[in-house]
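Engineer: Below is a structure I'd like to ask you about.
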Amino acid sequence: MLLTAGSATAQAKVESTYADTLAPFLKRHCVECHGAEKPKGGVRFDGPMPDLIDVKLAEQWLAAKRMMAQGEMPPQGKPRPSADELLAAMNWIEDAAARAAVVTRGGVGRRALRRLTNREYVATLLDLLGLSFPHATGDLAARLPSDAMANTFSNDSNSQVTQGLLLRRSLDLAEDLLAVALPAEDTGNGNAHAQAPAHVKPFRYDVDVRAIVAEKHRTFLATPEANRKGQRGPGIGNVVVPAHENGSPPAKLGVQHLHSQPLAVEHLDPAKGLLLEPNPHTIGRRNVLMLTLPFVPEGGVLRLRARAAAVMEHDNSPPVLRLGIGGSYGEPGDLVYPLAAVTVTAADVQEYVLEVPVLLADGDWKTFRRQKQLLVQIDNAAAPLGPTPTPENYDSKRRDSYLKRNRLLLESFSVEIDAVSAWPPQSEAVLLAPRDSENEEARVKRSLWAFLSRAFRRPVEDRELDAFVKLYRDQRAAGRGFLDAYKTAVAAALVSPQVLYLTEPRATERKPLTAWELASRLSYLAWNTTPDAALLARAADGSLLQDAELTKQLHRLLADDRAFAFARELTRQWLDLDVIDHLAPPVTRPARSIDDTGELAWYDKAIRRDLAAEPAYFLLDLIRNDRSVNSLVASDHVVVNDRLARFYGVTLPRGTGWRLVAAPENRKGGLLTQAGCVTAATHAQERGEIKRGVYLVERFLGIDIPSPPGNVDIKPLDVQLAEDKNLRALTPRQHLDKHRTVATCAVCHQRIDPLGFVWNEFDMYGQPKRDKQGKLIAFDSSGSLPDKTAFADFDEFRNLMTQGEIESRFAVAFSGRLYAYVLGRGLDHGDEAHLTSIRAAAAKNGGGVRALLLAMVLSETFRNK
Amino acid sequence: MNPFPLSRRNFLRASGVCLALPWLESIAGAAPAAKAPKRAVFVFVPNGVNMWQFHPAKTGRDYELTPTLKPFATVRDRLTVLSGLQHFKVKGGHEEWAHLLTGNVNSGVANKHTAVRPNTVSIDQHIAETVGQQTRWPSLVVGADGGRMTSSFDRKGEPVLADFDLKNIFDELVGADPHGRLKHRASVLDLVSDQAADLRGKLGKNDERKLDEYLESVRAVEKRVKADLAFKETPKATVDEKRLALNADPYKGNQQDGYVDTMFELIFLALQTDSTRVVTFTSTRSEGGGPLKALGGDWHGQGHNTNDKVETAESRAFDVLTAYDVWWHERLARFLERLSAVKEGGTDLLNSTAVFFGRGMSWPAFHRGDNLPLILAGGEGLGFTQGRHVAFNDQTPIVAVDGKAPPVNKDLGKNPACVSDLLRTIAERMDVPAKGFGESRRTLDELLS
């Protein structure tokens, strides 16, 4: 219907393009040597329009394309085609190859079986098992082999690769998480976690910090000066902390200060407790409190409950309560590993809970076991809001105010190991409570039915259920305990294809998705995880298949906090934001003194994290407030946190977290003026024009640029040598102009280079360039678009990008990118028609990003398989 | 209808997956006629080098150790410095990690919309197809980035995912299985592969390829579980814990040494226990941050900044390159010393292990791919003669031209040689035929005794 009509006109278009551009090109430049008489290399180009489904033909034509790109063909001495002619020929070949690829895949608009990405899989496991560790800082997805792909989203089904290594690590992770979710040995009566398991001994150590401080203070004052052994004030020293459980060995409490900081007496407040200065390193043993446990836990959940408050004396970041573990101080292997952290903003004392499953806590457990003890570290992980000022502006008298950050008051805390997580209380997520007079296998069957239906995202079939129950039964018969046997069956489910893939059974003709399949697609799109109960209910009663309900659900999902995962994944991959964390040199100027180096590293790490997060917050705000697609690149406001506000030089309204504020003059380009994008684009290169040009052309204009060929023929060098002996005399623009004088380079560079100066105002980290005195440097960001439209400055560039509402250059490029993410596959030539109607539908609905997303979700391609 | 249908596990048992015992001096002593197994290790290091300080001017045994080769002083008689080699059609460029071991001009991500297979088989997988049957792991593919950042490609041209997790590699290597999970894994894998087989009928033709990929993964894990379980019962080499920094973070400057040295130690252990005979270590990506880049200075970017001029013109950029070159050579020298310190069958472990240390770029500014800075070490027992500087393709000592790198020499002389020739030679010395591999036209007999 729509498809066949579409492909008929598309086919006609392909043929006419061939006849108009490629056939004359071949006749002029190729057929003389590659025709009927003694074709060179046995290769002929005098035939009819090739169908590149034939693999040998495809290889021949792609080789020809490569040789033309590298200037090998036509050979020396023959008339050279112009850059435009070359481009047209290469584009036709590429297009033809793409069509052939689509046919091999089973037709336009379809995709192969899509596997969950690493992050989707981790989120799915946590949700299915009812586990949640909101403050944990480790990234579980790092345990799986990276699925990042250079040129496409990690959910691109056609490019995904599944291998033994991935399966092994997925199974390891599933089993680790299961051990946390179902740790207790069940005796058969009552709840699964009623009793402590044999191998995880629960313990608790309570520390009343205020009482200890008061006592130390009293003792110090009571000691005559002569006996104080040179101590200037009270200190915590070493304190023995008895265990809560009778008969368990005690722990030891100690504190480490930074030597250069004020007297210890200032840190102990006998009325309130211990004041923790910020740890001056990203993680280290200064300004920390250490509780040494006399053993090493082998499982369970490590929990810190702390009563704490923020002491905000400076105009700087709020304190952060952080939990870490480490080995014996001063010995090899005494690195500290951060486990969880929470920002403390309240001035009055409140309870904060940080917990991490021991099995998932990254650390040097081998060393810990050898030392037979575990150091639990509590510190204040506040990062500075701004860098140390430049040497010229540095006032050593104000040194303390630059470096001082806000302190964390610790009134009391307890460290405990529990068999299970205290909350969320989803004890029945994996195993249902037994019913009266129900035998084990019946309980297993009931529980597996419930679990598998949730895990498979649709009602489990009897055949499937029987297979998993049989696995349990066989394990039991082999002598394993009830819980272990059950967990093995669940582990198998967690790596079965029904969980690992979005399975959508289909036939040769296209059919609509079932409501269950639609729920899966929708949930992974908007939340990056498995559907929740409400969505599954809409699938169960079939209402999700109706436009109205589908719309309602999409809006519900987007309004939820979990939609941040969508904004994060889309921006992270689309804008290559991961790269920000690893670029050298440091974001800020060199440190002033030894004391500053820790601060600088801390600030550096924090600002990079913020730069990488800003696009996600910006996008989410756009979606929530239904702003236009073009406002992604043209906006009167920015969404920043305290640190970024300082970075950009804006003042935030009072509050915490990420907030909206009016954008300064040079930051009104939405993503285009976000320092994170500029940083990711420039790749920390001093002369980043080409990199920036490629970034803009590919990611904001949607034009794919092939990788540059190796330059053994060194045409650029020849050109340089021939024309100008002294390279330094050239300005960057003149230097780049050289690319345009050679056709093979020009093919790509005529589209890249003129965009390379758009960001001329900014240095490699997205800050306005300044000279050595700190004055702003004049800049010229003129250039032209690939279609040769010129612009005089950034504002004009931005206007060109956003002219035309939802059919603007940017909106067209963005909708293509978004659609690929939504569909989980690269786009093919059949999608253009769809995208046009999608954009039209979005325009009728206000033209916002949310409307665009809705139009995509309602589209035929999304709802059919 | 077969009244005794074989379960899949029974079938595996019946087909006789055979496992080799680790090669130990005692076993060699008991059967002196037994020869040491042949091994190959392929190491990829990205970016170019400081070409003014790598290739020696003299060839033969008496070549001078150039500044970046100095770390090899104690092992120079166990390695060969190679000059003049290149790929014929692949001319350097980006994504050089994707064609170093394949010699395939269409390799890796260079073709974004290809309908043709993305790449072809890499030499390590080619060798492993034959040799890998004799060890519990057909090959070991590792890297600091891990995942798709790999120089190893299977017969279908798909990347072989690289392992990056030192702790996990170690646990699997020594058969640690800390939670006792291996025993039950087989039943889990049986079940899921049955589920996949059922699914196959319902998903339609085009999904079958993906599901087959899944099924192959399951089979691969199954074989691995069996092999690892059996390995647990065998005598093992002693592990020197001091040489293992299993928690080293390759992204942190002060832990990079620990990470790479530990990876090499794990490779050494894998060879010593005969867990595998083919190893590929794709150290890290070329561009844009990433692990093992925190020596100070943007490795890739400064390569561009050298503009291939003489050192005095861009000393800051060249200093960065030199620092990385020396660092990597120190790591490799340490690995070679380790292999040479272990006695085996009258000589040492290095004697039966060919170590190829390769880069896909030479002059970094324009990503040139001629006169690649390559090193081949060990493998004397495979027939390689070591301790020399050998120049191919009529390569002459590097002399600046107009204050810059000499231009590419298009005339490769009477007996041209390419990297694929070297890869093929290594394969054939391991008794694996590789005629015509990649761009290969001949073997490099100049390297043999």
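The values are calculated or read from the model by the stated rules, or taken from the named source; none is laboratory data. Because the structure is a prediction, the values reported are computed rather than measured. So basically every Cβ, Gly included, is an ideal-geometry build from the backbone, and we count neighbours across all protein chains shown. With ligands, DNA and RNA removed, areas are computed over all heavy atoms of the protein, side chains included. Shrake-Rupley method; radii C 1.70, N 1.55, O 1.52, S 1.80 Å.
Engineer: Could you grab the pairs with beta carbons closer than 7 Å, sequence gap of 6+ or different chains, first residue in the stretch A:672-685 and farther than 20 Å from A:SER631 by Cα and of a type in the set (Ser, Thr, Tyr), second one open to solvent by 10 Å² or more (accessible area, probe 1.4 Å) and part of a helix (DSSP H, G or I)?
Structural biologist: Going by the 7 Å Cβ cut-off, the qualifying pairs are A:THR682/A:LYS691; A:THR682/A:ARG692.
Engineer: A further question on this structure: Give B:GLY146, B:GLY175 a once-over and let me know the one that is at the interface with chain A (Cβ under 7 Å from one of its Cβ atoms) and either on the phi > 0 side of the Ramachandran plot or buried (at least 23 other Cβ atoms within 10 Å of the Cβ) (or both).
Structural biologist: It is B:GLY146.
Engineer: Would you check if A:ALA174 is in contact with a Gly (Cβ under 7 Å, 6 or more places away or on another chain) and more than 26 Å from A:THR571 (Cβ to Cβ)?
Structural biologist: No, not satisfied.
To keep it simple, each residue is scored yes or no on (1) buried (at least 21 other Cβ atoms within 10 Å of the Cβ); (2) among the polar types (S, T, N, Q); (3) away from every other protein chain (no Cβ under 12 Å); (4) part of a helix (DSSP H, G or I).
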position	(1), (2), (3), (4)
A:ALA141	no, no, no, yes
A:PRO145	yes, no, no, no
A:ALA148	no, no, no, no
A:PHE153	yes, no, yes, no
A:ALA174	yes, no, no, yes
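Condition check ((1) touching a Lys or Arg at 6+ places or on another chain (Cβ under 7 Å); (2) open to solvent by 50 Å² or more (accessible area, probe 1.4 Å); (3) touching a residue at least 40 places away in the same chain (Cβ under 8 Å); (4) not hydrophobic (A, V, I, L, M, F, W, C)) across all residues:
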{"position": "B:THR238", "(1), (2), (3), (4)": "no, yes, no, yes"}
{"position": "B:GLY290", "(1), (2), (3), (4)": "no, no, yes, yes"}
{"position": "B:TRP299", "(1), (2), (3), (4)": "yes, no, yes, no"}
{"position": "B:SER315", "(1), (2), (3), (4)": "no, yes, no, yes"}
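Engineer: Among the residues of the stretch A:460-474, is any touching a residue at least 60 places away in the same chain (Cβ under 8 Å), within 14 Å of chain B (Cβ to nearest Cβ) and of a type in the set (Val, Ile, Thr)?
Structural biologist: No, that holds for no residue.
Residue by residue, here is whether (1) over 30 Å from B:ASP171 (Cβ atoms); (2) modelled with pLDDT under 90; (3) away from every other protein chain (no Cβ under 14 Å); (4) part of a strand (DSSP E or B) holds:
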{"residue": "A:LEU359", "(1), (2), (3), (4)": "no, yes, no, no"}
{"residue": "A:ARG369", "(1), (2), (3), (4)": "no, yes, no, no"}
{"residue": "A:GLN377", "(1), (2), (3), (4)": "no, no, yes, yes"}
{"residue": "A:PRO389", "(1), (2), (3), (4)": "yes, yes, yes, no"}
{"residue": "A:GLU392", "(1), (2), (3), (4)": "yes, yes, yes, no"}
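Engineer: Looking at the stretch A:835-851, which of the residues that are closer than 16 Å to A:LEU823 by Cβ and either basic (Lys, Arg) or under 27 Å from the mean Cα position of the chain (by Cα) (or both) is surrounded by the fewest Cβ atoms within 10 Å (Cβ to Cβ)?
Structural biologist: Filtering the stretch A:835-851 for residues that are closer than 16 Å to A:LEU823 by Cβ and either basic (Lys, Arg) or under 27 Å from the mean Cα position of the chain (by Cα) (or both), the one surrounded by the fewest Cβ atoms within 10 Å (Cβ to Cβ) comes out as A:LEU835.
Engineer: Inspect the stretch B:140-159 for any residue being among the β-branched types (Val, Ile, Thr), under 27 Å from A:LEU178 (Cα atoms) and at pLDDT below 95 and give the result as yes or no.
Structural biologist: Checked against the condition, which is being among the β-branched types (Val, Ile, Thr), under 27 Å from A:LEU178 (Cα atoms) and at pLDDT below 95, the stretch B:140-159 yields no hits at all.
Engineer: Working only within the stretch B:413-449, note down all residues that are in contact (Cβ under 8 Å) with a residue 60 or more places away in the chain, more than 18 Å from B:GLY378 (Cα to Cα), out of contact with any Lys or Arg (no Cβ under 7 Å at 6 or more places or on another chain) and open to solvent by 20 Å² or more (accessible area, probe 1.4 Å).
Structural biologist: Within the stretch B:413-449, B:PRO416, B:GLY438 qualify.
Engineer: Of the residues A:LEU550, A:LEU558, A:LEU570, which is over 25 Å from the mean Cα position of the chain (by Cα), more than 14 Å from every other protein chain (Cβ to nearest Cβ), open to solvent by less than 30 Å² (accessible area, probe 1.4 Å) and under 27 Å from A:PHE814 (Cα atoms)?
Structural biologist: After applying the criteria, what remains is A:LEU550.
Engineer: Could you tell me whether the stretch A:672-690 includes any residue that is in a loop (DSSP other than H, G, I, E, B) and under 21 Å from A:MET801 (Cβ atoms)?
Structural biologist: Yes; the residues of the stretch A:672-690 include at least one that is in a loop (DSSP other than H, G, I, E, B) and under 21 Å from A:MET801 (Cβ atoms).
Engineer: Right, another one. Can you confirm whether the stretch A:603-621 contains a residue that is in a helix (DSSP H, G or I), modelled with pLDDT under 95, more than 15 Å from the chain's Cα centre (by Cα) and surrounded by fewer than 17 Cβ atoms within 10 Å (Cβ to Cβ)?
Structural biologist: The answer is yes, given that some residue of the stretch A:603-621 is in a helix (DSSP H, G or I), modelled with pLDDT under 95, more than 15 Å from the chain's Cα centre (by Cα) and surrounded by fewer than 17 Cβ atoms within 10 Å (Cβ to Cβ).
Engineer: Taking A:THR530, is it outside any helix (DSSP H, G or I), touching an Asp or Glu at 6+ places or on another chain (Cβ under 6 Å) and either among the β-branched types (Val, Ile, Thr) or free of Cβ contacts under 8 Å to residues at least 24 places away in the same chain (or both)?
Structural biologist: yes
Engineer: Moving on to the next point. What are the residues in the stretch A:596-627 that are among the hydrophobic types (A, V, I, L, M, F, W, C) and farther than 18 Å from A:GLY669 by Cα, if any?
Structural biologist: A:LEU600, A:ALA601, A:TRP602, A:ALA606, A:ILE607
Engineer: Sticking with this one: Got a number for residues in the stretch A:157-170 being more than 7 Å from every other protein chain (Cβ to nearest Cβ), modelled with pLDDT of 90 or more and surrounded by fewer than 21 Cβ atoms within 10 Å (Cβ to Cβ)?
Structural biologist: 1
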